[in-house]
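> Questions regarding the structure given below will be posed in turn.
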Amino acid sequence: MEAVTIKDLKKIYPKTEAVKGITFSIQKGEFFGLLGPNGAGKTTTIHILTGLANKTSGDVRLFGKDVVEDYKEARALIGLVPQEFNFDQFEKVYNILYFASGYFGIPSDIRKERIEKVLKELHLWEKKDMKAITLSGGMKRKLMIARALIHQPKILILDEPTAGVDVETRKSIWKFIRKLNKSGVTILLTTHYLEEAEELCERIAIINHGEIVTLDSKKNLLSLLEGERLCLTLKEEIKLPSNLKKYNVTIQGKTMTIALDPKKDKWEQVLADINGLPIEKMETNKNKLEDIFIHLTNGK
């Protein structure tokens, strides 16, 4: 079953076409990544999914519910964690969740149970009587997630969920949303931390200038740039030796990087060719999702 279905979606503003007829779907229970540079169309797409913006044309459905014609049912299916903190900073943590659950008509006795459960799962229960403004940035992010989950949505949209938090908090949020996904919640993630998408997502769509550049499994995307990079730190700056011109080499100051093609570059020959260079340090790096992202959004 498709949790999210988007067909030929367009959004045109007076001076720009933000989304140019994109089509993709997200399966029930999937952890899906939507990546792209600033201004690519990610946030516009999310706003249309959640009813914060009207589409110009196209078909958008959540578990078969049209986001326009069946807007009440569609919006009840989604929990949104936006980029910006948009709760009352001077309200208590518990009250923020209590009021949010009221928007969905959740009875007061059930509200209390749900609030306690989600706050304990996110390690915020001890902060329930504190004003939101007193929380750390990481705790505020967790409060945003708690609020998005209070009505137990089937789809959770995370728009830059760990922006500005420390590494430890980021890892704890990853652990929580992984558990949530395993329980059956469909998750759509946008992030500028590409390691986050690489760590969490099963399939990834890359959007640029309002168009889907590619959509594939994480494994297949990483295979687009198979091979390794040999990174050399040199003792002094040098010009590119003639015997290395057959490789894909870049030199920046005292750093030389050789992008190896596994189909034609053999390690024995590469090591023989770099013999004699004033090498101070040598290491190899496998290609990561960040390399794919830059490769595709640069149109190369």
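The values are calculated or read from the model by the stated rules, or taken from the named source; none is laboratory data. Since we're looking at a predicted model, the values are computed, not measured. Counting neighbours? That spans all protein chains shown, and the Cβs are built from the backbone with ideal geometry, glycine included.
> Could you say whether any residue in region 108-120 is of a type in the set (S, T, N, Q) and either farther than 24 Å from residue 50 by Cα or surrounded by 16 or more Cβ atoms within 10 Å (Cβ to Cβ) (or both)?
yes
> Sticking with this structure for a sec: Under the condition of being in a loop (DSSP other than H, G, I, E, B) and surrounded by fewer than 19 Cβ atoms within 10 Å (Cβ to Cβ), which residue from region 126-150 is nearest to the chain's Cα centre (by Cα)?
Result: 136.
> Consider residue 284 carefully, then state whether it is touching a Pro at 6+ places or on another chain (Cβ under 9 Å) and of a type outside the set (Gly, Ala, Ser).
no
> Just the residues that are at pLDDT below 95 and assigned to a strand (DSSP E or B), please, taken from region 154-167.
159
> Let me ask something else. Residues that are under 22 Å from residue 24 (Cα atoms), at least 2 per element: which helices (runs of 4 or more DSSP H) completely within region 185-300 meet that?
Those helices (runs of 4 or more DSSP H) span 194-200, 218-222, 289-297.
> From the list 212, 173, 206, 177, which one is surrounded by 15 or more Cβ atoms within 10 Å (Cβ to Cβ), in contact with a helix residue (DSSP H, G or I) (Cβ under 8 Å, 6 or more places away or on another chain) and under 15 Å from residue 42 (Cβ atoms)?
That would be 206, the only listed residue that is surrounded by 15 or more Cβ atoms within 10 Å (Cβ to Cβ), in contact with a helix residue (DSSP H, G or I) (Cβ under 8 Å, 6 or more places away or on another chain) and under 15 Å from residue 42 (Cβ atoms).
> Related question: From the list 282, 256, which one is under 13 Å from residue 232 (Cα atoms), surrounded by 11 or more Cβ atoms within 10 Å (Cβ to Cβ), free of Cβ contacts under 8 Å to residues at least 40 places away in the same chain and of a type in the set (A, V, I, L, M, F, W, C)?
None of the other options fit; the residue is 256.
> For residue 217, are the conditions met, namely being over 30 Å from residue 135 (Cα atoms) and in the same structural domain as residue 86 (by TED's automatic domain parsing)?
In short, yes.
> Just checking, how many residues over region 77-131 are more than 19 Å from residue 156 (Cα to Cα) and among the aliphatic types (A, V, I, L, M)?
Within region 77-131, residues that are more than 19 Å from residue 156 (Cα to Cα) and among the aliphatic types (A, V, I, L, M) number 4.
> Please determine, by comparing only the residues of region 215-226 that are surrounded by 15 or more Cβ atoms within 10 Å (Cβ to Cβ) and in contact (Cβ under 8 Å) with a residue 24 or more places away in the chain, which one is nearest to residue 252 (Cα to Cα).
225
> Select, from 166, 129, 216, 159, the only residue that is of a type in the set (Asp, Glu), within 16 Å of residue 78 (Cα to Cα) and out of contact with any Cys (no Cβ under 9 Å at 6 or more places or on another chain).
Among 166, 129, 216, 159, only 159 is of a type in the set (Asp, Glu), within 16 Å of residue 78 (Cα to Cα) and out of contact with any Cys (no Cβ under 9 Å at 6 or more places or on another chain).
> Name the residues in region 50-67 that are touching a helix residue (DSSP H, G or I) at 6+ places or on another chain (Cβ under 9 Å) and surrounded by 14 or more Cβ atoms within 10 Å (Cβ to Cβ), would you?
Within region 50-67, 50, 51, 53, 55, 58, 60, 61, 62, 63, 65, 66, 67 meet the criteria.
> Regarding region 87-102, can at least one residue be identified that is crowded, with 20+ Cβ neighbours inside 10 Å and closer than 20 Å to residue 186 by Cβ?
Checked against the condition, which is being crowded, with 20+ Cβ neighbours inside 10 Å and closer than 20 Å to residue 186 by Cβ, region 87-102 yields no hits at all.
> Could I ask something else about it? Report yes if some residue within region 168-181 is out of contact with any strand residue (DSSP E or B) (no Cβ under 7 Å at 6 or more places or on another chain) and either of a type in the set (Gly, Ala, Ser) or modelled with pLDDT under 90 (or both); otherwise report no.
Yes, region 168-181 contains a residue that is out of contact with any strand residue (DSSP E or B) (no Cβ under 7 Å at 6 or more places or on another chain) and either of a type in the set (Gly, Ala, Ser) or modelled with pLDDT under 90 (or both).
> So which of 290, 236 ends up being farther than 25 Å from residue 213 by Cα and outside the structural domain of residue 218 (by TED's automatic domain parsing)?
Being farther than 25 Å from residue 213 by Cα and outside the structural domain of residue 218 (by TED's automatic domain parsing) holds for just one of 290, 236, which is 236.
> Output the number of residues of region 1-51 satisfying the condition of being closer than 23 Å to residue 76 by Cβ and without any contact (Cβ under 8 Å) to a residue 12 or more places away in the chain.
Of the residues in region 1-51, 1 are closer than 23 Å to residue 76 by Cβ and without any contact (Cβ under 8 Å) to a residue 12 or more places away in the chain.
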